[in-house]
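Reviewing the structure listed below.
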Amino acid sequence: MNNIVWKIKSFEELTTPELYEIIKARVDVFVVEQDTPYPDLDGYDQKALHLWAEREDHTVLAYCRIFDKGIKYEETSIGRVLTSENGRGKNLGKQLIQYAVETIENRFKTSEVRISAQDYLLRFYSGFGFQETDKKYLEDNIPHTEMFRK
């Protein structure tokens, strides 16, 4: 898997093809694979930084969106985290979260990040310093836990 390019852009900076590939990846993973019809276009993309890895053909392999303080939570946050089927098993998920945390530290000058994690990923996120809170809930019929990184 060589020739992977990492990109980070605000909503305004995204090209139409980039936005299309991002939404396609989110729908493929969250709606089709995880079988959860949910409102993906939630009005928050415009307020997010979009971070992703793409192949030469512009297919999105890993993606997340990053929010400054006061948008989704009091703290900064990371959401819509995914690794597409083609991107799995290549450590892209780890690189993605590492880059997201570094982006938050560099651009928003904080290490405090709150996320809503699918429960099967709790151990994965704990590797980046996220700790489980007692907020556990079902979102789109998938168990989630709110996690916080100081």
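Once the Cβ-Cβ distance between Phe128 and Asp57 is put in as r, and R0 is 41 Å, what FRET efficiency do you end up with, to the nearest 0.05?
Efficiency for this residue pair is about 0.90.
Looking only at region 76-118, which residues have a backbone nitrogen under 20 Å from a spot 7 Å from the Cα of Asn141 in the C-beta direction?
117-118
Cα-based Rg of the chain per 2.2 N^0.38 Å, rounded to two decimals?
That works out to 0.98 for the chain.
Among Ile142, Ile66, what is the fewest-to-most ranking by other Cβ atoms within 10 Å?
Ile142, Ile66
Give the residue from Gly79, Cys64, Ser126 lying farthest towards the positive end of the charge dipole for region 1-140; charges sit on Cβ (+1 for Lys and Arg, -1 for Asp and Glu) and the dipole is referred to the Cα centre.
Farthest towards the positive end: Ser126.
Show me the three semi-axes of the equivalent ellipsoid for region 73-150, from the C-alpha gyration tensor (sqrt of 5 times each eigenvalue), largest first, rounded to whole Å.
That gives 19, 18, 10 Å for the three semi-axes.
Quick note: the coordinates plus some simple rules give every number you see, no bench work behind them. Just so we're clear, the structure is a prediction, and the values are computed from it rather than from any experiment. Virtual Cβ from ideal backbone geometry, glycine too; neighbours counted across all protein chains shown.
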